[in-house]
1. I'm checking my understanding of the structure. Among residues of the range 53-98 that are surrounded by fewer than 23 Cβ atoms within 10 Å (Cβ to Cβ) and of a type in the set (Ser, Thr, Tyr), which one is farthest from ASP33 (Cα to Cα)?
2. Determine, yes or no, whether PHE111 is among the aromatic types (Phe, Trp, Tyr), modelled with pLDDT of 95 or more, in contact with a strand residue (DSSP E or B) (Cβ under 7 Å, 6 or more places away or on another chain) and crowded, with 17+ Cβ neighbours inside 10 Å.
3. Check off (1) surrounded by 22 or more Cβ atoms within 10 Å (Cβ to Cβ); (2) touching a Leu at 6+ places or on another chain (Cβ under 8 Å) for VAL118 and give me the number that stays unchecked.
4. In the range 205-218, is there at least one residue being among the charged types (D, E, K, R), modelled with pLDDT of 95 or more and surrounded by fewer than 20 Cβ atoms within 10 Å (Cβ to Cβ)?
5. Looking at (1) part of a helix (DSSP H, G or I); (2) surrounded by fewer than 23 Cβ atoms within 10 Å (Cβ to Cβ); (3) touching a residue at least 24 places away in the same chain (Cβ under 8 Å), which is the one condition that is false for ILE136?
6. Pull up the range 78-115, narrow it to residues that are of a type in the set (Gly, Ala, Ser) and touching a residue at least 24 places away in the same chain (Cβ under 8 Å), then point me to the one that is farthest from MET50 (Cα to Cα).
7. For ALA37, only one of the following conditions fails: (1) modelled with pLDDT of 95 or more; (2) in contact with a strand residue (DSSP E or B) (Cβ under 8 Å, 6 or more places away or on another chain); (3) crowded, with 16+ Cβ neighbours inside 10 Å; (4) not basic (Lys, Arg). What is its number?
8. Going residue by residue through the range 161-170, is there one that turns out to be out of contact with any Ser or Thr (no Cβ under 9 Å at 6 or more places or on another chain), touching a residue at least 60 places away in the same chain (Cβ under 8 Å) and not aliphatic (A, V, I, L, M)?
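The values are calculated or read from the model by the stated rules, or taken from the named source; none is laboratory data. Just so we're clear, the structure is a prediction, and the values are computed from it rather than from any experiment. No Cβ is skipped: glycine too gets one built from the backbone with ideal geometry, and neighbour counts run over all protein chains shown. For accessibility, only protein heavy atoms count, side chains too; no ligands or nucleic acids. Shrake-Rupley method; radii C 1.70, N 1.55, O 1.52, S 1.80 Å.
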Amino acid sequence: MKNQLTEVFLQKNKRILNIYCTAGYPHINSTSDVLIALQRNGADIIEVGMPYSDPIADGPVIQQSNMQALENGMSISLLFRQLKELKDKITVPLILMGYFNPVLQYGIEKFCKDAADVGVSGIIIPDIPMYEYDKIYKPLFEQYNLSLIFLITPQTSDKRIKEADKLTSGFLYAVSSSSTTGGVSDTNDQTDYFKRISGMKLKNPLMIGFGIHNKQTFDAACEYASGAIIGSAYIKALSNNNNVDTATASFISSIK
């Protein structure tokens, strides 16, 4: 069975735009409007954040959207119900991004099955231990045709990057700096890091995230990778405009 995420990289291997949104933000029923607006306006991949009370990898903007979504009443179960209603409308690959504890509480096999049932192609769980995934959970993700995407940072050793690349399918998520999402970091350090990774001949396409917020940073990331992931800047755009479609159209046109 084909995985939509893998197909995107076969069809288009440059300037792929992956946009992150938080499920249930700005309002509990916003998920549908946001996903449809992102697809309509040219996002190649949509990453849907599952709100969590302690999103360690995220900066203040996404943390705040998580808190608001939780206050709105968002949960993994409700997100799956929302995605089920959208299944025939969303044709771009969907990735779920969240943390290990809520997924464990939901039940990993149930999570994988329900995610597959609503058309999800990939999963990002920043705090899942690589060893545990390899030894315990990998067969489940493969059974349900879900790409598990690992993150690497400038501090990740070459050995560990190669291990992550071996276990990952879909793409490898290269965090542009060691800060949280939405941060800004040293461009020279980033360039050295991106050159190091691109010279490693990894099997997975590379997507760069953290700190990508406008056309300039998107273009720079695309020089070294298949594309980039934008989160905080899009959440800000949604926060500043009550009309989801207008905010999304304006934001994506400014990037592309």
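1. SER53
2. Details: among the aromatic types (Phe, Trp, Tyr): yes; modelled with pLDDT of 95 or more: yes; in contact with a strand residue (DSSP E or B) (Cβ under 7 Å, 6 or more places away or on another chain): no; crowded, with 17+ Cβ neighbours inside 10 Å: yes.
Spelling it out, it is not the case that PHE111 is among the aromatic types (Phe, Trp, Tyr), modelled with pLDDT of 95 or more, in contact with a strand residue (DSSP E or B) (Cβ under 7 Å, 6 or more places away or on another chain) and crowded, with 17+ Cβ neighbours inside 10 Å.
3. Every listed condition holds for VAL118 apart from (1).
4. Taking the range 205-218 and keeping what is among the charged types (D, E, K, R), we get 215.
The next check asks that each one be modelled with pLDDT of 95 or more; those that pass are 215.
Remaining after also requiring surrounded by fewer than 20 Cβ atoms within 10 Å (Cβ to Cβ): 215.
Yes, some residue in the range 205-218 is among the charged types (D, E, K, R), modelled with pLDDT of 95 or more and surrounded by fewer than 20 Cβ atoms within 10 Å (Cβ to Cβ).
5. Looking at each condition in turn, ILE136 falls short on (3).
6. Filtering the range 78-115 down to residues of a type in the set (Gly, Ala, Ser) leaves 98, 107, 115.
Subset that is touching a residue at least 24 places away in the same chain (Cβ under 8 Å): 98, 115.
Details: GLY98: 5, ALA115: 12 Å.
Going through the qualifying residues, I end up with ALA115.
7. Going through the list (1) modelled with pLDDT of 95 or more; (2) in contact with a strand residue (DSSP E or B) (Cβ under 8 Å, 6 or more places away or on another chain); (3) crowded, with 16+ Cβ neighbours inside 10 Å; (4) not basic (Lys, Arg), ALA37 breaks only (2).
8. No: the range 161-170 contains no residue that is out of contact with any Ser or Thr (no Cβ under 9 Å at 6 or more places or on another chain), touching a residue at least 60 places away in the same chain (Cβ under 8 Å) and not aliphatic (A, V, I, L, M).
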